[in-house]
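The values are calculated or read from the model by the stated rules, or taken from the named source; none is laboratory data. On a predicted model such as this, the values are computed, not experimentally measured, just so you know. No Cβ is skipped: glycine too gets one built from the backbone with ideal geometry, and neighbour counts run over all protein chains shown. Please note that ligands, DNA and RNA were not included when accessible areas were found on the heavy atoms of the full protein model with its side chains. Shrake-Rupley method; radii C 1.70, N 1.55, O 1.52, S 1.80 Å.
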Amino acid sequence: MKKDQASAVPADTGLADAEVERQLTTIWGSRPGFWGAVASVDHKVIARRYIVTAFIFLILGGLLALAMRLQLAQPEARFISPDRYNQIFTMHGSNMMFLFAVPVMEAIGVYFVPLMVGTRNIAFPRLNAFSYWVFLFGGVLLWLSFALDTAPDVGWFAYVPLSGPEYSAGKRADIWAQMITFTELSALAVAVEIVVTVFKQRAPGMSLDRIPVLVWAMLVMSFLVIMAMPAIMFASSTLILDRLVGTQFYNPAEGGDALLWQHLFWFFGHPEVYIIFLPAVGMVSTILPAFVGRPLFGYLPLVMAMIATGVLSFGLWVHHMFTVGLPRLGESFFTASSMAISIPAGIQIFCWLATMWAGRPVFRTPLLFVIGFIATFVIGGLTGVMVASVPFDTQVHDTYFVVAHFHYVLIGGAVFPLIAAIYYWFPKMTGRMMSERLGRWAFWLIFIGFHLTFFPMHLLGLLGMPRRVYTYQPELPWAGLNLFISLSAVLLALGFLVFFVDVVRSWRNGLPAGPNPWKATTLEWATSSPPPSYNFRRIPVVDAREALSPNDGELAVASGLRTDRRELLVTSVVEALPEARESSPRDSVWPLWAAIATAVMLIWSMFSPWAVVWGSIPIAVTLIGWFWPKGSPEDES
């Protein structure tokens, strides 16, 4: 082991590549066994847990959707009781929004942002581990309540006074509110980690105008999470206070305001759509160049359009409340702002079409899902402009037209790009290729099944069918369309089944992928597949927007980092100039204990306000253990 002359500490300067890898593997690797696994703070390990857990929740939420379609396939069906149906549609919405869509998008960021910016781990890695355990416990709480027939039944929006103490006895609404606390705490932690990683841990030379588009998307998404999530955490906490200790935030009879709930919820709820959508923009913008053989058209306008989307997303929430009786001036403002967000969306679509137009597309599975996304999202965007109009929104409010619209936006705008991203980055994450044949089957089944399922819902809405009804009378003109939709939903589910079969099969027996099967130009492809625990043998140096341009020679690297402790390079915000070497925490089981203590306190607080007082003691103990110096080389920093 050689020592750096200036600092007299072991460093990678002058060492052979094999020796550097051996020392880094020793320092950055996790201990074998169960406790080594749960103590890991490797961002890739935690991101994989997030992704697998989120997809399990997707499967469970999908099964609930099929149960609802079975119930609605014919009039006056009695497969599911009204009470259980209320639980199912509440579980479906809450599960998909809080346990699948947001966590899985953040997980993609947790995995790929450190790799794309050329660093060895995410910022605050122990907080990252804590966030996963909190997310997991929140999801388990919700699904255990469903198994015990005590699941929330107040909708994924939990409007008051329906969810208040007067109309929702028992603990169902409390479970929904605490599930919100679990998942939003987790989301906020991840957002902070991504922001710090992007601003302070980029590879030398990766100035702001060289940041990959996916990293920009994750950065904007993280700021949306930081600014939007506190609103829903405040709302859920005050709801519990109203229910548990008798505060009157939402009781008009005692000076509260029921409409305040809707303002708080949708101030979070509408940006949440873009929290899910913006990472998809980054995925599509990253995948497209690899399959059309040319750089992305319009890097700057596309990044500016994402930032504009993030800013405008905070000026739209009232269009969810047009029917509550608002001043005409307010309705006009929010109609205009809702329509204005179509401008940055149009810029993004134009950039993608121009990229394909000027390139030579190779229609592999990831590109098929990208094209499916563009077609589907345009339809969802057009119906979004329609419901931004007050007269039209008043007619279709709370009908299946709205159900169709937001599934076009959320599934079309997020799930299609997400599946494209899985096919694109699966080789990087596992070292194995997915099946092209099964991928094409999955695409066509999902694409056709999706449109056959959700497009007729527009017609059902125009025919007046309200959402959230568990049955309908045979004389109403909805039976034929409902049966068709339910049969189409089976086709859609079959597409997802083929996708999951492909994932499992490829994970075990897929063909070896090699380090860069798509000839992509972003930094994550500069390391082996799957990446080692330390990500990069030496920190890369970036001198162009396309870090791995095929016209360049060997990638330049920086040396001088210590090899006897986990160490990162800290760089400046704008130019990414090296500023300091900073240690990165080692594995620790304390984030798990802290998450368990937090979970006990939150669940206990549904029954007694004193849980906040007594529950804070074990939380404080676990945090002391978390931060207590262990005498490791990392503590010297």
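Taking (1) under 22 Å from the mean Cα position of the chain (by Cα); (2) open to solvent by less than 20 Å² (accessible area, probe 1.4 Å) in turn, His405 satisfies each apart from (2).
Go through (1) over 27 Å from Gly384 (Cα atoms); (2) open to solvent by less than 10 Å² (accessible area, probe 1.4 Å) for Phe234 and report which single condition fails. If we test Phe234 against (1) over 27 Å from Gly384 (Cα atoms); (2) open to solvent by less than 10 Å² (accessible area, probe 1.4 Å), just (2) comes out false.
Beta carbons closer than 6 Å, at least 6 apart along the sequence or on distinct chains, pair a first residue in the range 244-264 that is at negative phi with a second that is among the aromatic types (Phe, Trp, Tyr) and open to solvent by 40 Å² or more (accessible area, probe 1.4 Å) for Gly256/Phe249. Of the candidates Thr181, Thr197, the single residue that is in contact with a helix residue (DSSP H, G or I) (Cβ under 8 Å, 6 or more places away or on another chain), in the same structural domain as Pro252 (by the TED database), in a helix (DSSP H, G or I) and modelled with pLDDT under 95 is Thr181. Scanning the range 555-582 for residues that are open to solvent by 30 Å² or more (accessible area, probe 1.4 Å), within 16 Å of Asp635 (Cβ to Cβ) and either aliphatic (A, V, I, L, M) or assigned to a strand (DSSP E or B) (or both) yields Arg581, Glu582. Taking the conditions (1) assigned to a loop (DSSP other than H, G, I, E, B); (2) buried (at least 17 other Cβ atoms within 10 Å of the Cβ); (3) among the hydrophobic types (A, V, I, L, M, F, W, C) in turn, Val469 satisfies each one other than (2). For the range 273-287, the criterion of being more than 19 Å from the chain's Cα centre (by Cα) and either closer than 22 Å to His320 by Cβ or part of a helix (DSSP H, G or I) (or both) is met by no residue. For the range 81-110, filtered to residues that are closer than 17 Å to Ala177 by Cα and of a type in the set (Ser, Thr, Tyr), the residue that is nearest to the chain's Cα centre (by Cα) is Ser94. Scanning the range 522-543 for residues that are under 17 Å from Val215 (Cβ atoms) and open to solvent by less than 30 Å² (accessible area, probe 1.4 Å) yields Thr522, Leu523, Glu524, Trp525, Thr527, Pro531, Asn535, Phe536, Ile539, Pro540, Val542.
Within the range 435-447, the only residue that satisfies the criterion of being of a type in the set (A, V, I, L, M), in contact with a Gly (Cβ under 8 Å, 6 or more places away or on another chain) and open to solvent by 20 Å² or more (accessible area, probe 1.4 Å) is Leu445.
Each row is one residue, and each column tells you yes or no for (1) within 30 Å of Ser207 (Cα to Cα); (2) in the same structural domain as Leu569 (by the TED database); (3) β-branched (Val, Ile, Thr); (4) open to solvent by 10 Å² or more (accessible area, probe 1.4 Å).
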{"position": "Phe89", "(1), (2), (3), (4)": "no, yes, no, yes"}
{"position": "Phe124", "(1), (2), (3), (4)": "yes, yes, no, yes"}
{"position": "Val134", "(1), (2), (3), (4)": "no, yes, yes, no"}
{"position": "Ala147", "(1), (2), (3), (4)": "no, yes, no, yes"}
{"position": "Tyr159", "(1), (2), (3), (4)": "no, yes, no, yes"}
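Being modelled with pLDDT of 95 or more and either outside any helix (DSSP H, G or I) or open to solvent by less than 50 Å² (accessible area, probe 1.4 Å) (or both) holds for only one residue in Leu481, Leu487, and it is Leu481. Exactly one residue among Gly269, Gly298 is in contact (Cβ under 8 Å) with a residue 12 or more places away in the chain, in contact with a Cys (Cβ under 6 Å, 6 or more places away or on another chain) and not charged (D, E, K, R), and that residue is Gly298.
Among the criteria (1) out of contact with any Asp or Glu (no Cβ under 8 Å at 6 or more places or on another chain); (2) surrounded by fewer than 23 Cβ atoms within 10 Å (Cβ to Cβ); (3) of a type in the set (Phe, Trp, Tyr), the one Phe130 does not fulfil is (2). Pairing residues of the range 39-65 that are in a loop (DSSP other than H, G, I, E, B) with residues that are of a type in the set (S, T, N, Q), at Cβ distances under 8 Å and at least 6 apart in sequence or on separate chains, gives Ser40/Ser30; Val41/Asn121; Val41/Asn128; Val41/Ser588; Asp42/Ser30; Asp42/Asn121; Asp42/Ser533.
Applying a threshold of 6 Å to beta carbon distances and a minimum spacing of six or more residues, or different chains, the list of pairs starting in the range 352-374 at a residue that is outside any helix (DSSP H, G or I) and ending at one that is open to solvent by 20 Å² or more (accessible area, probe 1.4 Å) reads Gly359/Gly293; Gly359/Arg294; Arg360/Gly293. Ile419 falls short on exactly one of the conditions (1) open to solvent by 20 Å² or more (accessible area, probe 1.4 Å); (2) of a type in the set (Val, Ile, Thr); (3) within 19 Å of Thr286 (Cβ to Cβ), and that condition is (1). Looking across the range 66-76 at every residue that is part of a helix (DSSP H, G or I) and among the aliphatic types (A, V, I, L, M), the one that is least open to solvent (accessible area, probe 1.4 Å) is identified as Leu72. Just to be sure, is Ala129 closer than 29 Å to Trp525 by Cα, under 23 Å from the mean Cα position of the chain (by Cα) and not assigned by the TED database to the domain that holds Thr598? When the stated conditions are applied, Ala129 passes them.
The conditions of being small (Gly, Ala, Ser) and crowded, with 18+ Cβ neighbours inside 10 Å are met by Ser285. Only one of the numbered conditions (1) surrounded by fewer than 24 Cβ atoms within 10 Å (Cβ to Cβ); (2) charged (D, E, K, R); (3) touching a residue at least 24 places away in the same chain (Cβ under 8 Å) is violated by Arg202, and that is (1). Among the criteria (1) surrounded by fewer than 20 Cβ atoms within 10 Å (Cβ to Cβ); (2) among the β-branched types (Val, Ile, Thr); (3) out of contact with any Asp or Glu (no Cβ under 8 Å at 6 or more places or on another chain); (4) more than 30 Å from Val113 (Cβ to Cβ), the one Thr453 does not fulfil is (1).
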